[in-house]
Amino acid sequence: MAIETVHYPKGLVQSKELVRLKRKDDFWDRVNFGVIIVEHAAILSAPFCFTWNAFWVAVVLYLVTLNLGLSLSYHRNLTHRSLKLTKSLEYLFAYIGLHCGQGDPMLWVSNHRYHHQFTDSDRDPHSPIEGFWFSHLGWIFHNSRLGEKWGKSDNVMDLRNQAYYRFLGRTHLLHHVGLALLLYVLGGLPHLIWGM
């Protein structure tokens with residue numbers, strides 16, 4: 001889903017209706033939306049396949065992927081460079097973050113760096129100018145339009161220059177499938193539903 005980049009004079013806010021009219025559909029954004037709908041529909045079966053083991057798998061995966069992967073790695077280390085990790089820890093935590101389902105490190109870091117660079121403007125990836133729901137959640141279904149807002153993701157050259165991050169960028173969906181298969185093999189449907 002793409003949006004035209006329109007630069008307005010400072011202080012002029014465009015209407016939500018105008019912004020919505022400029023959005024374009026994209027195949028991969030629709031696939032992303034479909035996957036999230038299927039995941040949330042599967043959650044409806046969680047009470048029927050509850051086990052304490054599956055519950056604790058969910059708790060551990062949530063805490064590890066969110067805290068070490070997303071918060072520490074993607075946000076603090078890769079985006080803001082506010083801490084220094086050894087390369088092996090940096091790569092490990094980035095790999096853990098990959099399993100949060102918020103995209104590969106280069107995409108996530110690029111979006112967040114642009115968010116800070118263009119906060120609350122028409123170039124902000126999740127700008128409130130485009131409405132509350134869009135800025136809160138809807139923007140994740142419009143990744144294809146982000147490149148049209150600011151061109152190439154040249155704000156992540158520090159990551160793009162490393163083969164490891166390019167590999168994760170090309171293969172991140174396979175890692176989700178791998179985790180799903182591993183959970184299913186280790187604990188059947190309860191682990192799959194509760195762990196993903």
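The values are calculated or read from the model by the stated rules, or taken from the named source; none is laboratory data. Predicted, not measured: the structure shown is a model, and the values here were computed from it. Note: ideal-geometry Cβ built from the backbone for every residue, glycine included; neighbour counts use all protein chains shown.
Quick notes
- Complete set of residues in region 84-110 that are of a type in the set (Phe, Trp, Tyr) and over 12 Å from the mean Cα position of the chain (by Cα): TYR91, PHE93, TYR95
- Screening SER135, SER121 for residues that are assigned to a helix (DSSP H, G or I) and at pLDDT below 95 leaves exactly one candidate, SER135.
- Pairing each residue of region 25-46 that is more than 13 Å from GLY101 (Cβ to Cβ) with any residue that is among the aliphatic types (A, V, I, L, M) and not in a helix (DSSP H, G or I), provided the two are 6+ apart or on different chains, yields C-beta distances under 6 Å for ASP25/MET1; ASP26/MET1; ASP29/MET1.
- Taken over region 96-115, the residue count meeting the criterion of being part of a helix (DSSP H, G or I) and touching a residue at least 24 places away in the same chain (Cβ under 8 Å) is 13.
- Residue match in region 24-42 (condition: modelled with pLDDT under 95, within 30 Å of ASN161 (Cβ to Cβ) and not in a helix (DSSP H, G or I)): yes
- Only listed residue being under 30 Å from ALA163 (Cα atoms), among the basic types (Lys, Arg) and within 15 Å of the chain's Cα centre (by Cα), chosen from ARG81, ARG123, ARG113: ARG113
- Unmet criterion (only one of (1) at pLDDT below 95; (2) among the hydrophobic types (A, V, I, L, M, F, W, C); (3) surrounded by 20 or more Cβ atoms within 10 Å (Cβ to Cβ)) for CYS100: (3)
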